[in-house]
Amino acid sequence: MVRNAFLSISLAAALIPFAQPAAAQNYKGPAKRTVQDYGPFASGPSKGTTAVTAAGAAAAASGKCGNPADKCLFYGGDFLSNPLYPPVIANGLANESTLAAPGTPYGAATWVPFTVPAGEKWEVTGLFTNNLASYGVLDQGTQPTAVAFWSINEGVFSGSAGTVVDSGISPATSTPTGRSAFELTEFTVQVTGLSITLTAGTYWMAVVPICTNTANPYCDGIFFESDVEYINTTPTNAVGPAEPMDASFFDSPAFGLTFNPANGPLGACAGDGCDAFSAGVLGKQKK
């Protein structure tokens, strides 16, 4: 019973806060990992708005995704903020390396599944995740730099990262999507310039914003990867093969979790949303 109670607190700390995350924004001390210090999960309607931009719809219609948009192989779809409250639907999971959730190569990461269909071969040139964030910057020094950890893995299962196909830390962009919720603004964190060939199969991807300047107050920001909910329809602006449902994982050295399933009563989201996440793969099919 004690172990279960500790696990519940750790998971709640990683979930998106439904109240303004003032504790995280004002945090200046060493890493804090409890629900009280990082931002509590509490059932209730989200604060903020969700907007579908004309640019996003046009990009999806043309087979593009990302921000800035480029040739798209897979996109899980746009974040949707509580369209049917109650029940609570919108949610998100910590996806960052910051003062509040430090770690190497990340403090917390949400791993999103995607499928390369049978008979296809993909040339991946970029990856991105959509994240609800307090500031949206990855680093803010004298000469601002922006970097993100990225990886594509296969064979991921509960408690295991599987096999790394390719990974790295690369320059990244952090661009507003035009959507917001929970008094946070959504940003696309995107890496490009990749060259990865994938054959048919199921893979898991991560793109995690990293703040490297611990002396700067922007490193006390928070990032939560936006979830996607299938509500009697395909998610808005989704591109390519449908994202496998209930197959995402949450890995976090900061919260003491190793590839914990995101969905389900015992999952990282404690049964509230997180069936799928807003992430994508850029590139083209190879002949």
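The values are calculated or read from the model by the stated rules, or taken from the named source; none is laboratory data. Because the structure is a prediction, the values reported are computed rather than measured. Please note: Cβ atoms are built from the backbone with ideal geometry, for glycine as well, and neighbour counts cover all protein chains shown.
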Checking G56 against (1) farther than 20 Å from F149 by Cα; (2) modelled with pLDDT of 95 or more, the condition it does not meet:
(2)
Checking N67 against (1) surrounded by 20 or more Cβ atoms within 10 Å (Cβ to Cβ); (2) at pLDDT below 80; (3) farther than 28 Å from A254 by Cα; (4) not acidic (D, E), only one condition comes out false. Which one?
(2)
For the stretch 219-262, what are the residues that are at pLDDT below 80 and touching an Asp or Glu at 6+ places or on another chain (Cβ under 7 Å)?
E229, Y230
I'd like to check something: does the stretch 89-109 contain any residue that is modelled with pLDDT of 90 or more, over 21 Å from E243 (Cα atoms) and of a type in the set (D, E, K, R)?
yes
A careful count of residues in the stretch 166-208 that are more than 14 Å from T129 (Cβ to Cβ) and aliphatic (A, V, I, L, M) gives 7
Given (1) in contact (Cβ under 8 Å) with a residue 12 or more places away in the chain; (2) surrounded by fewer than 23 Cβ atoms within 10 Å (Cβ to Cβ); (3) of a type in the set (S, T, Y), Y203 misses just (2)
Those residues of the stretch 263-287 that are modelled with pLDDT under 90 and of a type in the set (S, T, N, Q) come to a total of 1
